[in-house]
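Engineer: What follows is a structure written as structure tokens; I'll ask about it next.
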């Protein structure tokens with residue numbers, strides 16, 4: 001049963017992070033139906049949303065670039081920087097307009113072409129995005145981010161072999177592109193090529209140790225190969241980066257339970273509830289664990305907690 005839970009989590013993260021974290025699409029693949037508990041867990045990886053009442057660093061940088069453009073309206077780089085900042089804030093139309101202006105002022109600026117491609121992909125216009133990425137590559141065939149952008153579009157279009165080829169080209173040019181390695185690893189994992197996925201994710205973590213979703217998927221890949229201790233080690237490293245991720249404590253608890261180390265499993269599962277008291281599924285696993293240990297009273301208590309916390313009226 002633990003492996004089934006890992007499998008469910010794994011497919012969910014493959015879908016959500018591959019399609020939404022960098023592409024920006026607004027829907028999941030139709031064949032994946034994550035539970036409410038999984039959706040709650042996934043939200044933690046999206047990062048904190050700044051308050052609308054608080055002036056962010058991006059806002060300050062936007063104002064700075066606007067002032068520069070008042071002095072020099074034909075500064076392509078300032079328009080490009082505005083495109084980046086608007087993209088960061090999710091202002092896609094404004095971002096696209098700024099990138100286009102930068103390209104008008106400097107037709108050889110591949111960065112602005114790639115920026116336009118990324119925005120068009122997020123807006124659900126993959127064919128237009130492909131044209132821009134290919135135009136950027138025609139100008140500079142060694143611009144790795146253009147191949148990475150192509151890879152993301154091909155993922156959106158479910159052309160997985162083309163996506164793999166594009167991410168490989170990006171990495172060949174710039175081995176330090178953590179996102180290309182991350183997405184390439186996901187594509188390998190979907191093809192059950194877990195050794196290849198592990199290799200890419202391990203390198204991605206070396207490049208960007210703050211990207212916690214890589215640790216999650218890396219640990220899942222280790223469980224697919226039966227390397228449970230390696231999975232636990234990877235997830236513990238993630239918790240050293242961010243101790244407040246309940247789903248990492250949860251999967252560690254599942255693995256310890258599978259290994260028969262009930263004390264460590266219990267500790268990890270309780271830590272998950274400490275971080276996120278609303279994870280109803282943890283109570284279900286604790287119930288199973290206590291019944292395995294013959295602690296029927298504790299098991300009954302967890303069963304009631306699971307029932308009440310998973311109720312639609314909760």
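Derivation of every value follows stated rules applied to the coordinates shown; laboratory data play no part. From a predicted model like this one, the values you see are computed outputs, not experimental measurements. FYI the Cβ positions are ideal-geometry reconstructions off the backbone, even for glycines, and counts take in every protein chain you see.
Engineer: Run the Debye formula on the Cα coordinates of the range 118-161, all scatterers equal and no solvent, and tell me log10 I(q)/I(0) at q = 0.22 1/Å.
Structural biologist: -0.65
Engineer: When a footprinting reagent is the concern and you count Cβ atoms within 10 Å, what order do 201, 235 take, fewest first?
Structural biologist: 235, 201
Engineer: Additional query: Round to the nearest 0.05 the FRET efficiency obtained for residue 210 and residue 59 when R0 = 30 Å and r is the Cβ-Cβ distance.
Structural biologist: Efficiency, from the Cβ-Cβ distance: 0.85.
Engineer: I need 182, 188 ordered by Cβ neighbour count within 10 Å, fewest first. All intermediate terms of the calculation are to be shown ahead of the outcome.
Structural biologist: Working: 182 27, 188 20.
Ascending Cβ contact count within 10 Å gives the list 188, 182.
Engineer: When the scattering of the range 243-313 is computed by the Debye formula from its Cα atoms alone, each counted once and equally, what is log10 I(q)/I(0) at q = 0.17 Å⁻¹?
Structural biologist: Reported log10 I(q)/I(0), two decimals: -0.55.
Engineer: Can you tell me how much longer the chain between residue 267 and residue 134 gets when fully stretched, taken as 0.36 nm per residue apart minus their C-alpha distance, in nm with one decimal?
Structural biologist: The residue 267-residue 134 span can extend by a further 42.7 nm.
Engineer: Right, another one. Using alpha carbons only, what's the Rg to Rh ratio of the range 105-233 with Rh from Kirkwood? Don't skip to the end; give the middle numbers.
Structural biologist: On the way: Rg = 15.7 Å, Rh = 15.1 Å.
Using Cα coordinates only, the ratio equals 1.04.
Engineer: Please give the Cα centre distance for the range 97-111 versus the range 123-196, rounded to the nearest Å.
Structural biologist: Spelled out, the Cα-based centre of one part sits 22 Å from the other.
Engineer: Next question. In what sequence do 262, 133 fall when counting other Cβ within 10 Å, fewest first? If you can, show how the numbers build up before the last one.
Structural biologist: Details: 262 16, 133 28.
In increasing order of surrounding Cβ atoms, one gets 262, 133.
Engineer: I need two numbers for the range 58-106: Rg to one decimal and Dmax as a whole number, Cα atoms only, in Å.
Structural biologist: 9.6, 26
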